[in-house]
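See structure below.
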Amino acid sequence: MTSKRIVLLVIYGLITIGCLVGIFRANVTQAEFTIKASIQASTQDEDYVGLLAFKKYVEKSSSGRVQVQLYASGQFCGSVPECIGSLQSGVLEMFPSTAGGTGNFFAPAQVLDLPYVFTSDAQAECVLDGPILDKMRETVLSQGLNIRLIGVSNTGGWRNFATTNKPIRSPADLKGQKIRTTPADIQQELVRQLGANPTPISWAELYTALATGVVEGSKNGIQDIIGAKLEEHLKYIILDGHSYMATLWWFSEPVWKTLPADIQQIILEGFAKQKAAASELVATQESNSYKIFEQAGGTIYRPSITEKQAFKDASVNMRQWFITNFGQEWLDLLETSVKECDAILNEDMYTNGYN
């Protein structure tokens, strides 16, 4: 092979490599917008499964104009205040927080955690798709918090009381029990009104706290319990269903303002896909999670209507506590929404021949 031919081959090879690199760079950089979504739960959680559906829809519907990057297990930010700060500065685009967690920066959101308000998934979903969602979005924006509420989804079914060494059948059984709560005021107040001792502990520390007796119980959904292997210490659950595990999804307002209207619409449509995927996983995995709990030696108690009413009666002062701290307006809106949704659901049942 002549030296001239070798030179030509080298040049051809360099040109080919350059073209391939150019194509690769074009593919990497073709997205006009990047959405970084962070959650503190693992990749096994319904929030992450929902985000996968969101990512698939948004990237496809935008024809690649939007790239969605997912961060699980607190990889992007490790706490609610840190994550919300990242949204406000525009460093992060999406992040979810529970109603209790939201109370740390928007206290009225705790109205969604008032106990024994919701009686079914359909009722809760109806309320959380209605006027109260719009009111929260508008109020947060008007307060200049620089975050936008784009929707609410379920993050694990219903919160129930679970204990390590004492079965709970009535509010009297909770008396003196050390029950783990989040730092949210409303969760602590509920435990206090039921006669137990609220003990705020971070989620990361709960397994050890149960193992060492720092707390004797918790108030979580079954999938969170199984996901964190808390069934190794929690042995009793009463399905009192004191609150629906709603998670509020926030979007960075500074970033939102830079997005074209068509991309904003795709994001909202993508959230609908996200919500549906998360809810489906919760519904399909819930019964299996209860089976796992029982297989680990746990006991599940299903209270009667009368027994549930006893818990509701014991916590009746929660509404006055909320009014005293946050006013009447949000409670009125919640209760009105519940009544309207009940009417809608009852009408649907009648229309479909279930009367």
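Can you give the relative contact order of the stretch 32-349 as a percent, counting alpha carbon pairs under 8 Å and 6+ residues apart?
Dividing the mean separation by the residue count of the stretch 32-349 yields 26 percent.
Please report, ordered by residue number, every helix of the chain (full DSSP H runs) that is 18 Å or longer along its axis going by C-alpha atoms and whose mean Kyte-Doolittle hydropathy reaches -1.0.
On the way: long enough: 3-29 (39 Å, 1.50); 46-61 (22 Å, -0.34); 261-295 (51 Å, -0.25); 329-351 (33 Å, -0.27).
Once both thresholds are applied, what remains is 3-29, 46-61, 261-295, 329-351.
Among the listed pairs K175/K291; K229/K291; K55/K275; K166/K291; K166/K219, which are separated by more than 18 Å between their Cα atoms?
The answer is K175/K291; K166/K291.
Just to verify a number: FRET efficiency for I300 and R65, C-beta to C-beta distance, R0 = 41 Å, to 0.05?
The value I calculate is 0.30.
Quantify, in whole percent, the carbon and sulfur part of the accessible surface of the stretch 212-260 (1.4 Å probe; protein heavy atoms only).
55
For the stretch 94-170, which whole-number percentage of the solvent-accessible area (1.4 Å probe, protein heavy atoms only) is attributable to carbon and sulfur atoms?
Carbon and sulfur: 47 percent of the exposed surface of the stretch 94-170.
Using a 1.4 angstrom probe on the protein heavy atoms only, line up F76, F311 by accessible area, largest first.
Ranking F76, F311 by accessible area, largest first, yields F76, F311.
In nm, to one decimal, how far is the modelled label at L52 from the one at R192, with both set 7 Å along Cα→Cβ?
4.2
Per residue, how large is the accessible surface of the stretch 32-349? Use a 1.4 angstrom probe and give square angstrom.
Ligands and nucleic acids excluded, the result is 42 Å² per residue.
For S120 and I323 in the same chain, what is the full-extension length gain: residue separation times 0.36 nm, less their Cα-Cα distance, in nm?
Difference between extended and current length: 70.6 nm.
Take the Cβ-Cβ distance between D313 and K257 as r, set R0 to 41 Å, and report the resulting FRET efficiency rounded to the nearest 0.05.
0.30
Nearest 5 is fine: what % of DSSP beta bridges in the stretch 32-349 come out antiparallel, could you say?
60
Comparing T258, T155, T336, which has the greatest mean-square fluctuation in the GNM of the chain with Cα pairs linked when under 10 Å apart?
T258
What distance in nm separates the simple spin-label points at L268 and K291, each placed 7 Å from Cα in the Cβ direction?
Reported label-point gap for L268 and K291 is 4.1 nm.
Taking θ = phi - 60°, what integer Hz values does the Karplus form 6.51 cos²θ - 1.76 cosθ + 1.60 yield along the stretch 225-238, in sequence order, with x for Gly and Pro?
4, 5, x, 9, 6, 6, 5, 5, 10, 7, 10, 9, 10, 10
The values are calculated or read from the model by the stated rules, or taken from the named source; none is laboratory data. Since we're looking at a predicted model, the values are computed, not measured. Note: ideal-geometry Cβ built from the backbone for every residue, glycine included; neighbour counts use all protein chains shown. Ligands, DNA and RNA are stripped out before the accessible areas are found, and what is left, the full protein with its side chains, is counted by its heavy atoms. Shrake-Rupley method; radii C 1.70, N 1.55, O 1.52, S 1.80 Å.
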